[in-house]
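Worksheet: the structure to be examined is printed underneath.
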Amino acid sequence: MQDYQHILNEIYTTLKKVKTKGEVARYIPELAKMNPDHLGIHLRLITGESFSTGDTNIPFSIQSISKVFSLAKAFQLMGNKLWKRIGVEPSGNPFNHMSLLEQENGIPRNPLINSGAIVIADILLSHLKNPKDDFINFVRELTHDDTIDFNETIALSEKRTGYNNYAAAYLLKSFGNLENDVEDVLDFYFHQCSIMMNCAQLTNAFVVFANRGRCIHNKKHLSLHKVKRINAIMLTCGFYDEAGEFAFEVGLPGKSGVGGGIVALLPHYYVISTWSPPLNKKGNSYLGMKALELFTEKTELTIF
Ligand code: GLN
């Protein structure tokens, strides 16, 4: 077996020396308060061994990473009927872009851009009895950790300033692609984005996508049919208009969030999460991308 701990330590030391790192997200006021110096990397092999370096036990706002959990839940509930309301093509645009949505009659390109995730939030609102409770319990179940929760302050902070998401939701509503009220859908969406998790928890939760639908306790949550499709969407759409670059440099399906987290996986082998708040111009963690590039270069463990 490779010396994973040594590899993670080396990456950490290299990245700690990098000077230009990008900027912490400021458009959600609560996120602007994050300390830009945090850096954590957590790896878990499918066989169960874990390796950690840096700030892997400090929870952060998972933001868009939550879109993978909501997609998984909606796919579980609706099956392939989901694809009548959302596409599966990369957008080639930023996560909050709207012009394609108008051109394509309110059918979002994919479930990982904001408009797509808002449609998924609407579906969960229609199908779950107690939407927020049921959703957080799903995330807790995948992670095997009951301490995971929403961050009300962050959810409220985004609600106050989330004009772009309001615009997307009203556009979706005008095209008839939202069943519920815009306010209710966005309340759910802002809450799902506010979920706090640390790198170790995120890694554990994503084992379900690397292990053919089985979580860390080997319980089956998703069929391979669904896992295959969710991983394909992460590979092609998980980093917005930088998905090509991520596949090119890192070579893994994954998902980023504006809280600075990234989680990526090699099916049947491992899940790895990184956290560093400063983002590059495309909204992905600058050092997180670098860490994952170094990891797959050093270990030669990529899907390609
Ligand atoms: N809540 C954020 C938003 O809607 C999520 C964006 C992200 O993490 N890329 O803008």
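Annotations
- Selection from segment 190-202 of residues that are away from the ligand (no atom under 15 Å from the Cβ) and either assigned to a helix (DSSP H, G or I) or buried (at least 24 other Cβ atoms within 10 Å of the Cβ) (or both): C199, A200, Q201
- Among the residues here, L172 qualifies as crowded, with 19+ Cβ neighbours inside 10 Å, in contact (Cβ under 8 Å) with a residue 40 or more places away in the chain and more than 20 Å from the chain's Cα centre (by Cα).
The rows are residues; the columns are (1) surrounded by 21 or more Cβ atoms within 10 Å (Cβ to Cβ); (2) more than 16 Å from the ligand (Cβ to nearest atom); (3) farther than 23 Å from Y269 by Cβ.
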{"position": "D3", "(1), (2), (3)": "no, yes, no"}
{"position": "I11", "(1), (2), (3)": "yes, yes, no"}
{"position": "K21", "(1), (2), (3)": "no, yes, yes"}
{"position": "I28", "(1), (2), (3)": "yes, no, yes"}
{"position": "R44", "(1), (2), (3)": "yes, yes, no"}
{"position": "N57", "(1), (2), (3)": "no, yes, yes"}
{"position": "Q63", "(1), (2), (3)": "yes, no, yes"}
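- Identity of the residue in segment 90-127, of a type in the set (S, T, Y) and in contact with a Gly (Cβ under 9 Å, 6 or more places away or on another chain), that ends up farthest from the ligand (Cβ to nearest atom): S91
- Test for D187: is it more than 16 Å from the ligand (Cβ to nearest atom) and more than 23 Å from L252 (Cβ to Cβ): no
- Within segment 160-183, considering residues that are more than 16 Å from the ligand (Cβ to nearest atom) and part of a helix (DSSP H, G or I), the one farthest from I62 (Cα to Cα): S174
Quick grid of which residues meet (1) basic (K, R); (2) touching a Ser or Thr at 6+ places or on another chain (Cβ under 7 Å):
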{"residue": "K219", "(1), (2)": "yes, no"}
{"residue": "L224", "(1), (2)": "no, no"}
{"residue": "G260", "(1), (2)": "no, yes"}
{"residue": "A264", "(1), (2)": "no, no"}
{"residue": "Y269", "(1), (2)": "no, no"}
{"residue": "S285", "(1), (2)": "no, yes"}
{"residue": "G288", "(1), (2)": "no, yes"}
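- Helices (runs of 4 or more DSSP H) fully within segment 48-159 that include at least 1 residues being at pLDDT 95 or above, touching a helix residue (DSSP H, G or I) at 6+ places or on another chain (Cβ under 7 Å) and more than 30 Å from T299 (Cβ to Cβ): 66-78, 114-127, 131-143.
- Residue match in segment 138-154 (condition: of a type in the set (D, E, K, R), out of contact with any Phe, Trp or Tyr (no Cβ under 8 Å at 6 or more places or on another chain) and within 16 Å of the ligand (Cβ to nearest atom)): yes
- Selection count, segment 238-257, where residues are in contact (Cβ under 8 Å) with a residue 60 or more places away in the chain and buried (at least 24 other Cβ atoms within 10 Å of the Cβ): 6
- Members of segment 83-126 found to be aromatic (F, W, Y) and either closer than 16 Å to I230 by Cα or out of contact with any Ser or Thr (no Cβ under 9 Å at 6 or more places or on another chain) (or both), listed by number: W83
The values are calculated or read from the model by the stated rules, or taken from the named source; none is laboratory data. Keep in mind that this is a model prediction, so the values were computed, not measured. A quick note on method: Cβ atoms are made from the backbone with ideal geometry, for glycine too, and the neighbour counts reach across all protein chains shown.
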